[in-house]
Amino acid sequence: MSESLTVGIRGVGVVGPGLASWEESIPLLCGEQAYEPTELPPLKPALLPPNERRRTTQLIKLAIQAAEQAQQHSGIEAAQLACVFASAEGDTFIVDRLCEALILPEKPVSPTQFHNSVHNAPAGYWAIAGAARRFSTSIAAAGASFAAGLLEAATFVASEGEPVLLVAYDIALPEALAPFGDSHSPFAVALVLAPVDEQPPLGRLTLKPPQPGSATGIEPAAFVSLSEQNAAAQVLPLLSRLAGSESGAVNLAYLDDTVLPVELVC
């Protein structure tokens, strides 16, 4: 990336501890209400039929619920959206189940578990349920996963002139895997990004080339723990500004001790 990219935000979705939706998160992110990281309620994304919800995992439902919030907020049909799904560690619940199965004498790996184990399973469920047959990619970049996903999505908007759905998500690692990863709380964010010359956006994002630096901290301070426990929650400083309609610069953690500078104009 050698030049800046500018895109518009058309829709937002948020699901996390104490954060049921973007609308309910706004006063918390602005500091107008105290944030309490309560447990997630049962995840029931409306896009998935009941039998599909039973077959899927918490990670998939978390991603789809955030995605459908952002899609509905944008007013753009799911079938019209390209998509970028980003997860630092993937479906660690399924990884744990598969590892347990492999040490049993008969190695009973469920076909459904195997199907859900691939990294693009959430994107696949989204595409099938929403008839979304546009461009789709699923990526992982450890703690830089949100920034990498944002860069991928913004590049698509700039090059193709079409809207794109960005979904970043991770769940808490199972107990057996907790010492080997960095995800210790569930969180998902979804953004619908589009060219800035279309319908007036909620805000404009200008992404600049990565550079050395430190990531921007989150205010209110109650969100610090969440931002440290989930790679997708690196978006929180940006969401905090957007919630308060506060223009300004945010540095997102990126690769190799660099940051992705992002300018928000509300």
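The values are calculated or read from the model by the stated rules, or taken from the named source; none is laboratory data. Everything quoted here is computed from the prediction, not taken from an experiment. All Cβ positions, even for glycine, are placed from backbone atoms using ideal geometry, and neighbour counts span all protein chains on display. In case anyone asks, the SASA skips ligands and DNA or RNA and just uses the protein heavy atoms, side chains included. Shrake-Rupley method; radii C 1.70, N 1.55, O 1.52, S 1.80 Å.
Converting phi to 3J(HN,Hα) with the Karplus coefficients 6.51, -1.76 and 1.60 and the offset θ = phi - 60°, region 37-52 yields x, 6, 5, 5, x, x, 8, 9, x, 5, 5, 8, x, x, 5, 6 Hz in sequence order, with x at every glycine or proline. One decimal place: the segment VAL109-SER247 gains 44.7 nm when fully extended, by the rule 0.36 nm per residue minus the C-alpha distance. Per residue, the Cα convex hull of region 6-72 amounts to 102 Å³. For the chain, averaging the sequence separation of C-alpha pairs within contact (under 8 Å, six or more residues apart) and dividing by the residue count gives a relative contact order of 27 percent. Using all pairs of distinct alpha-carbon atoms, the Kirkwood hydrodynamic radius of the chain works out to 18.5 angstrom.
Treating the beta-carbon of each Lys and Arg as +1 and of each Asp and Glu as -1, no other charges, what is the dipole magnitude of the chain about its Cα centre, to the nearest 20 debye?
Computed about the Cα centre, the dipole is about 660 debye.
What does the charge add up to near ALA176, with Lys and Arg as +1, Asp and Glu as -1, over the other residues with Cβ less than 9 Å from its Cβ?
For residues surrounding ALA176, the net value is -3.
Based on C-alpha pairs under 8 angstrom that are at least 6 apart in sequence, region 149-266 has a relative contact order of 25 percent.
Determine, from the Cβ-Cβ distance of ILE128 and SER21 and an R0 of 25 Å, the FRET efficiency 1/(1 + (r/R0)^6), rounded to the nearest 0.05.
FRET efficiency, ILE128 to SER21: 0.60.
Averaging over all projection directions, the Cα-based convex hull of region 146-266 occupies 8.0 nm² in the image plane.
Protein heavy-atom surface of region 46-178, 1.4 angstrom probe: 55% of the accessible area is carbon and sulfur, with nucleic acids and ligands not counted. A 1.4 Å probe run over the protein chains yields, for the chain, 45 Å² of accessible area per residue, whole-number rounding.
Using a probe radius of 1.4 angstrom, the carbon and sulfur fraction of the accessible surface of region 221-266 is 44%. In order along region 116-125, the Karplus-derived 3J(HN,Hα) couplings, from 6.51 cos²θ - 1.76 cosθ + 1.60 at θ = phi - 60°, round to 7, 7, 5, 5, 9, 4, x, 5, x, 4 Hz, and Gly and Pro are given as x. Using heavy atoms of the protein chains and a probe of 1.4 Å, the accessible area assigned to ASP182 is about 120 Å².
Summing charges over neighbours of LEU19, with a neighbour being any other residue whose Cβ is under 12 Å away from its Cβ, gives -4 when K and R count +1 and D and E count -1.
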